[in-house]
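Read-outs throughout are calculated quantities, based only on the coordinates presented, and are distinct from any laboratory measurement. Note that the structure is a prediction, hence the values are computed from the model and not measured. Here the Cβ positions follow ideal geometry from the backbone for every residue, glycine too, while neighbour counts run over all protein chains shown.
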There are 2 protein chains.
Amino acid sequence: MELKEQVIRMARKAKQASQKLAKLSSTVKNEALLKMAQVLETHKDKILKLNHKDIVLAKAKGLPLALIDRLTLNEKRIKQMCGGLRQIAQLEDPVGKIESMWRRPNGLLIGRMRVPLGVIGIIYESRPNVTVDAAGLCLKAGNAVILRGGSEAINSNIALIDALSEAIQEVGLPGGCIQLVRTTDRKAVGEMLKLNEYIDVIIPRGGESLIKMVTENSTIPVIKHYKGVCHVYVDEEADLKMAEKIAFNAKVQRPGVCNAMETLLVAEKIADKFLPVVIRKLQEAGVEIRGDEKTCKISPNVKRATEEDWSTEYLDLILSVKVVSGIDEAIAHINRYGSHHSDAIITNSYIKSRKFLREVDSAAVYVNASTRFTDGGEFGLGAEIGISTDKLHARGPMGVKELTTTKFIILGEGQIRE
Amino acid sequence: MELKEQVIRMARKAKQASQKLAKLSSTVKNEALLKMAQVLETHKDKILKLNHKDIVLAKAKGLPLALIDRLTLNEKRIKQMCGGLRQIAQLEDPVGKIESMWRRPNGLLIGRMRVPLGVIGIIYESRPNVTVDAAGLCLKAGNAVILRGGSEAINSNIALIDALSEAIQEVGLPGGCIQLVRTTDRKAVGEMLKLNEYIDVIIPRGGESLIKMVTENSTIPVIKHYKGVCHVYVDEEADLKMAEKIAFNAKVQRPGVCNAMETLLVAEKIADKFLPVVIRKLQEAGVEIRGDEKTCKISPNVKRATEEDWSTEYLDLILSVKVVSGIDEAIAHINRYGSHHSDAIITNSYIKSRKFLREVDSAAVYVNASTRFTDGGEFGLGAEIGISTDKLHARGPMGVKELTTTKFIILGEGQIRE
């Protein structure tokens, strides 16, 4: 069968499944989620074996250690995946909820009812845990899902999806609920992006080239999960001890994730005092510092940043540092070079905290806390499918609710329009 | 200056203006809206003169009367536009509202703050009233707007925008807040659709070819305002008097709009009794009926519908009629042939009313009322920019709130992630 045919068949199957899924009670969906966890555990050995195949190939290709780490499964990680599914089963089911309802002067009752989106396509990096999380979240929200993971994880993903498919069929759900694009041929993505007749939304998670390709080719609405070029701005009215602690946490605690700080902005008035301390501490933790001219003057031990550095997501122990005249320059820098993800101000000034919250154009804007908290779990939204850097529909961590939409329901007793 | 350059310049100007707009107080925005109404009234004669030019050209081209009617301005319609702007000034300002805020176990306060989208591009038909409504609503929500109206309205739109621009500049707002694409060259739209760096959302209102062109070419997120192929399903348990009244209203009261009924579905059990009555009444009002085989048997006076009829938006005194076996066939027909806009069931069955509300996949689902109520004003949302047939971000009538997004704000006292 031709590739295009294959992809269309998948999409059609997903559409049909989504119509069944939309009608299911929470009880049946939760039963499916618990069964998915159970079958994953039974298939553990097979999954680890196929994952090992991916790891061997990845090592042979000399792929970066960080990628291999994210790709690697073990008993503990499989247990975590299963725990994730059981946690999703416990979340509140958004579907069917009437969010609000009001009465019009003519007696019509009008309300907004939450309903599934339909079919969701997710294109993501080589992280097998995303396969399981995304399948679970989409099912909980009553959506069929078509998953397309990174090619390095293809064997792991096939093993995982085989287990999940077995589980959902055991509880009587159609196989079209959870499907994987089982080829690493990139053309499959191109075909998928044109199927707006069957697929309701595409969620691409990844770097610039993936996002650009999807944006330029998709006829399906897209919710982008783009990079995180996150900033911490240390104001002249900051508690410098707190600023030091937060900057250190935001950079060092887990540098490989999108909510880690990539650029530190420091108010000129306190730069002399603050920078030497924080830079030394970061350097001791192995962080490479790239500074602007003023930073390099204060800390001669620092490499000069290039223009490119200000918009780079290092995902590594590298930090660019810039001295700014004050909050206005900080906000302008963030809005210009940032990726509208997560940005923080450290200040004791009430006025400046409010200004920063209002004027920084990002999904998550912080006062006196580490940007590392941008996460569905940390925000209290339950599990997340990822972090949207788009403005439409969902912005910031996307939970199960963001995988649904609403429709208006109108209850009358024969009303007509005059 | 080259066309592409011109469009980029406009978009850049809009982006700059949007940053200023986002910070404005409601008071200043409302002042601008009232001034816009006032200046429109002062420029009345000039606007009518340029509108007359459009009408003469449209008539010379032999354009349909319905189009010429929508294009035509007069003293009353200008008064209505001004009334619309004053009404928008009175709406609640969504910007800056904290929609909810909660406390996490670590003491972080996390909330969702409503903020403008940024720059909105609207591509619409030759209706000068949309120019004024859209400009007003976008401004109220703190967005800059780039308007591209139908080419038949170009002179009217230039006159209107000149007046609105004068008004906003009088109250000290930048001209980039409200701009019109002043060329009828279609290439301008193509250029606009690629400017995702400056424009945050594109709202196309119109028919199949416009929607298709925008969907296929835009790198900017799109909220489609597509056609309305709306259904009324008369169940065997319907109050037939009520059904007759609603069917008549949904078709005849204003056939040229998207929430008018295009297809009537009738349950087999009551078709013999209901169809002759309702068809006669509709025919008396000048409606042309196109029926399926069963309908034609019951009412021999009726033309046969083709397969194409079931998905056609007539916007005219034409109605397709189909006899269905019951609610399941009705729902399947609506989900297959409809445009997911507005659909109604007429029934006294509680079970079937709930089933219809749950399973019909449309922006507005009605029980025992005319589909003609799908409208921001009728729903109590205030003025509307249009009716979204998309599922993401906004579904159904889009009010001023749907022209905004949210960001997370996080207030800490030095929290770091462990």
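Some notes on this structure:
- Mean separation of Cα contacts under 8 Å, 6 or more apart, over the residue count of chain B: relative contact order %: 18 percent
- Amide proton proximity set for A:GLU288, modelled H, under 5 Å, gap of 5+: A:ILE318, A:LEU319
- Fraction of antiparallel bridges per DSSP, chain B only, in percent to nearest 5: 30 percent
- Spatially, segment A:324-347 and segment B:377-416 are offset by 25 Å when compared through their Cα centroids.
- Between the amide H of A:TYR233 and those of A:LEU265, A:ALA344, A:ILE345, A:ILE346, distances stay under 5 Å, these residues lying 5 or more places away or on another chain, with hydrogens modeled in the peptide plane.
- Less than 5 angstrom separates the built amide H of B:LEU117 from those of B:THR405, all sequence-distant by 5 or more or on a different chain.
- Rounded to the nearest 0.05, the FRET efficiency derived from the C-beta distance between B:SER325 and B:ARG104 at R0 = 51 Å is 0.40.
- Of the GluC sites (Glu not before Pro) in segment B:1-93, those whose Cβ has at most 12 other Cβ within 10 Å and which sit in DSSP loop: B:GLU2, B:GLU92
- Across segment B:288-303, coupling constants 3J(HN,Hα) worked out from phi with the 6.51/-1.76/1.60 Karplus curve, θ = phi - 60°, read 7, 9, 10, x, 6, 4, 5, 4, 5, 5, 6, 10, x, 6, 10, 6 Hz, and Gly and Pro carry x.
- Rg ratio for segment B:155-300: its Cα radius of gyration over 2.2 N^0.38 Å, N being its residue count, equals 1.58.
- Taking the longest Cα principal axis of chain B as reference, the axis of helix B:208-217 is set at about 40 degrees.
- Cα pair distances of segment A:265-323 binned at 10 Å [whole percent]: 26, 58, 16
- Karplus-derived 3J(HN,Hα), 6.51/-1.76/1.60, for each residue of segment A:20-34, Hz, glycine and proline x: 6, 4, 4, 8, 5, 6, 4, 4, 5, 5, 5, 4, 4, 5, 5
- The angle separating the long axis of helix A:350-359 from the principal Cα axis of greatest extent in chain A is about 50 degrees.
- Pairwise Cα inverse-distance average, inverted: Kirkwood Rh of chain B (Å): 23.2 Å
- Distance violations [Cα-Cα > 32 Å] among B:LYS79/B:LYS303; A:LYS4/A:LYS224; A:LYS194/A:LYS401; A:LYS194/B:LYS269; A:LYS13/B:LYS212; B:LYS13/B:LYS35: B:LYS79/B:LYS303; A:LYS194/B:LYS269
- Pair A:LYS297, B:ARG12: separation of 7 Å Cα→Cβ label points (nm): 3.1 nm
- Of the GluC sites (Glu not before Pro) found in segment A:185-250, the ones in coil according to DSSP and having at most 14 other Cβ atoms within 10 Å of their Cβ are A:GLU197.
- Signed unit charges on C-beta, dipole axis of the protein assembly as shown, positive-most listed residue B:TRP102, A:ALA285, B:THR131: B:TRP102
- Calculated [θ] (222 nm, deg cm²/dmol) that DSSP helices of n ≥ 4 give over the protein assembly as shown, each run adding -39,500 (n - 2.57): -13500 deg cm²/dmol
- Taking the convex hull of the alpha carbon positions in segment B:230-378 and averaging its projected area over all directions gives 7.6 nm².
- More than 21 Å apart - percent of Cα-Cα pairs taken over segment B:94-204: 44 percent
- The long axis of helix A:268-284 is offset from the longest Cα principal axis of chain A by roughly 70 degrees.
- Separation of segment A:81-153 from segment A:233-293 is 37 Å, based on Cα centroids.
- Charge tally around A:ASN106: other residues with Cβ under 15 Å, Lys/Arg +1 each, Asp/Glu -1 each, net +1.
- Candidate aspartates and glutamates for bridging to A:LYS46, where Cα separation is under 15 Å - those fewer than 8 sequence places away on the same chain excluded: A:ASP54, A:GLU75, A:ASP162, A:GLU166
- In the frame of its principal axes, the protein assembly as shown has Cα extents of 90, 71, 46 Å, reported largest first.
- Residue-by-residue Karplus 3J(HN,Hα) for segment B:160-174, coefficients 6.51, -1.76, 1.60, Hz, glycine and proline x: 5, 5, 4, 5, 4, 5, 4, 5, 5, 6, 4, 8, x, 8, x
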